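Just so it is clear, none of the values below were taken in a lab; they were calculated from the coordinates. As the structure is a prediction and not an experimental result, all values here were calculated from the model. All Cβ positions, glycine included, derive from the backbone under ideal geometry; neighbour counts span all protein chains shown.
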Amino acid sequence: MVFSMSTTAITNDEQDLIRRLQAGDQAAYAEMVERYAGRIYNLALRLMGDEAAAEDVLQETFLSAFRAIDRFEGRSQLGTWLYRIANNTALMQLRKKEPATFSLDSPLETEEGDEIPRQFFDFCCLPERDLLSDEARAEMRAAIDALPESLRVVFVLRDIEGLSTRETADALGLSVPAVKTRLMRARLALRERLSAYFARSAISSETGEPITPTT
Amino acid sequence: MTEHTQHDHDRSECRRLLSSLSDYVDGELDDALCRAIEAHMAECENCRIVVNTLTRTIELYHTAPAPDLPQDVRVRLYKTLKLEDFIASEPPDATEG
Ligand SMILES: [Zn+2]
């Protein structure tokens, strides 16, 4: 398997870990798991939307990585490589689960014009206790879950995990412009939903009414 | 709360710039387009709000704490990978979730 060149330099520390992995050092395997399992699990959780399925993806990702480590050429970062395996594993399982509705080749599900902003409530200056409340966090998670899969994965890697555009493209086998387009759509969709939520929550905190649930 | 009265005339400009806003908040636009966006924002409250809330949305997601790997998931992972011998060094606060 050949991975495209990442622009980010691989550290000596990581080169050493890869060397030990390829020599079959068990402690190095454990180190790789310790370093990346949390992030892979969170990615899997967001892609699969349920804990049991996320755990399957987590285990399968590391089993695949162990089998393929000899062929890892070190041209992308280890983390990027693992994200790519996890993403492929998740896509395969999603396709197994819903073979009729899920296709790897399915076009982006958003229609032209979908991303035009309609919410203009400036929630930036709301107090932290509103922006960071448990309820707001739950709304943020629900908003991500509601994104089409093709947008969600890009947003998770780029904006939550903090990969660069190039690294995200490498991890997903997409072009940089494709990553940017999907990222833009994901961001605008999330902004739209959070704006609507915070507008409702600002009104209800003024009137003391509970927030109307999202439809 | 927000009035959108006097700038309804140039909605086409808002739409034209919309696809660049994501690159704009990432600081990945060329100078000319940045200046065009900033000039437009100076006159268009809606686009100002979109840029501010877009930035804030990204920030909120980026800074939300990632949940720890649940300890039972971690234990089963190490077993599946036949790495049980290395599980001793568990993080102290991995019980959440
Ligand atoms: Zn505008």
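Placing R0 at 35 angstrom, the Cβ-Cβ distance between residue B:79 and residue A:175 gives a FRET efficiency of 0.35 after rounding to 0.05. Between the beta carbons of residue B:38 and residue A:133, assuming R0 = 30 Å, the FRET efficiency works out to 0.35 to the nearest 0.05.
What does the average come to when, for each residue of peptide A:132-142, you count the partner chain Cβ atoms lying within 10 Å of its Cβ?
On the way: counts 3, 0, 0, 0, 2, 3, 0, 0, 4, 2, 0.
For peptide A:132-142, the averaged partner shielding equals 1.
Exposure proxy for B:40, B:62: other Cβ atoms within 10 Å of each Cβ, ordered fewest to most, give B:62, B:40.
For the segment B:16-29, counting C-beta atoms of other chains within 10 Å of every residue's C-beta and taking the mean gives 3. With 0.36 nm allotted per residue and the present C-alpha distance subtracted, the residue A:203-residue A:125 stretch has 26.6 nm of extension available.
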